[in-house]
Amino acid sequence: MVKSQRNMVLAQFWLQSVCLPYVIVSNQRQSRMNGQPLHAVFQQFPMLASLSEAELQRLALMAERRTAPRHSFIYLADQPSDFVCLLAGGAVKIGIYSHDGREIITNIQHPFTVFGELGLTGEQSRVEFASAMSRDVDYFAIRVEDFKYLMQQNFSLSQAVMLYLGERLRRAERHWESLILKDVRTRIVEFLKESAGERGRQVGFETLVKHGLTQQDIANLVGASRQTVTAILNELKKSNLIHFNRNTILIRDMDKLN
């Protein structure tokens, strides 16, 4: 059964990476996005805050706008790590597959963040996959060589990249420590609090989080079974600590959620 599951995953990888145009719906250089010039779009990325308008315009000439359909792969493990991705719309999950074919999500990327950046550190082949989640994803692909050129011209950008990579490492360490040292309920509660802190919106004394994750996605992120995640979320709901539906989670009181 385990071997069969792994073969199914490998077959899916092969079909999407070889037989199908698996990621790119549109692959073109454009001067505008949603009515905005591209350099104005790039200004919304914290990592690019130090770039001048001229540098942002140069970046716009380097960038290829791409669209990945929901649930499709943007790249796979072992593919060349030759471009950096700037996420403009939608959500992307980053992860790995275990030897028995189980998906393990290591991070969720949201708009105006950067992913696929390990090529800047010398990575030759991807060690993770990236795939669109519940809606189509708009992103810009920039060749590693082009992005490195910008870093050489702008020391503040190099610093921003180092800080980003440092935070990525710290986040990964916290994630693996949590998987090893904490029970599933604690991991789920920490996921809820982290999501609220990053993307939550205050509604009176409550916090509303729009997440777009399935319960299986949450299970793959916290290292648990879907049934366990469902049971714990229902327990928190019964205790009136949260309310949830398919796309949102409402946290009643952050201080009482523990």
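The values are calculated or read from the model by the stated rules, or taken from the named source; none is laboratory data. Bear in mind the structure is a predicted one, so any value in this text is a computation, not a measurement. Here the Cβ is made from the backbone with ideal geometry for all residues, glycine too, and neighbour counts use every protein chain on show. The accessibility values were calculated without ligands, DNA or RNA, using every heavy atom of the protein model including side chains. Shrake-Rupley method; radii C 1.70, N 1.55, O 1.52, S 1.80 Å.
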Is it the case that region 189-206 has a residue that's surrounded by fewer than 16 Cβ atoms within 10 Å (Cβ to Cβ), in a helix (DSSP H, G or I) and either of a type in the set (S, T, N, Q) or modelled with pLDDT of 95 or more (or both)? no
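Would you confirm, using the coordinates I've provided, whether A160 is of a type outside the set (K, R) and touching a Pro at 6+ places or on another chain (Cβ under 9 Å)?
On the way: of a type outside the set (K, R): yes; touching a Pro at 6+ places or on another chain (Cβ under 9 Å): yes.
Judged against the criteria, A160 is a match.
Listed residues E167, E177, E173; which is part of a helix (DSSP H, G or I), within 23 Å of Y75 (Cα to Cα) and of a type in the set (D, E, K, R)? Let's see the steps before the verdict.
Details: E177 fails: within 23 Å of Y75 (Cα to Cα); E173 fails: within 23 Å of Y75 (Cα to Cα).
Of E167, E177, E173, the one residue that is part of a helix (DSSP H, G or I), within 23 Å of Y75 (Cα to Cα) and of a type in the set (D, E, K, R) is E167.
Of K182, K210, which residue is charged (D, E, K, R), surrounded by fewer than 16 Cβ atoms within 10 Å (Cβ to Cβ) and more than 22 Å from the chain's Cα centre (by Cα)? Give the derivation first.
Details: K210 fails: more than 22 Å from the chain's Cα centre (by Cα).
Being charged (D, E, K, R), surrounded by fewer than 16 Cβ atoms within 10 Å (Cβ to Cβ) and more than 22 Å from the chain's Cα centre (by Cα) holds for just one of K182, K210, which is K182.
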Across region 236-256, the tally of residues that are exposed (fewer than 14 other Cβ atoms within 10 Å of the Cβ) and either touching a His at 6+ places or on another chain (Cβ under 9 Å) or free of Cβ contacts under 8 Å to residues at least 40 places away in the same chain (or both) stands at 9
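Going by the conditions given, is T230 in contact (Cβ under 8 Å) with a residue 40 or more places away in the chain and either exposed (fewer than 14 other Cβ atoms within 10 Å of the Cβ) or over 30 Å from R65 (Cα atoms) (or both)? Outline the logic, then answer.
Working: in contact (Cβ under 8 Å) with a residue 40 or more places away in the chain: no; either exposed (fewer than 14 other Cβ atoms within 10 Å of the Cβ) or over 30 Å from R65 (Cα atoms) (or both): yes.
When the stated conditions are applied, T230 does not pass them.
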Notebook entry, point to check: Out of all the residues in region 240-249, is one or more within 26 Å of A130 (Cβ to Cβ), in a helix (DSSP H, G or I) and hydrophobic (A, V, I, L, M, F, W, C)?
Noted result: no
Next item on the list: Would you check if there is a residue in region 121-144 being part of a helix (DSSP H, G or I) and either of a type in the set (A, V, I, L, M) or surrounded by 21 or more Cβ atoms within 10 Å (Cβ to Cβ) (or both)?
Entry: yes
Across region 165-177, the tally of residues that are open to solvent by less than 100 Å² (accessible area, probe 1.4 Å) and either touching a Cys at 6+ places or on another chain (Cβ under 7 Å) or within 12 Å of N107 (Cβ to Cβ) (or both) stands at 5
Within region 228-247, the count of residues that are over 24 Å from the mean Cα position of the chain (by Cα) and of a type in the set (S, T, N, Q) comes to 3
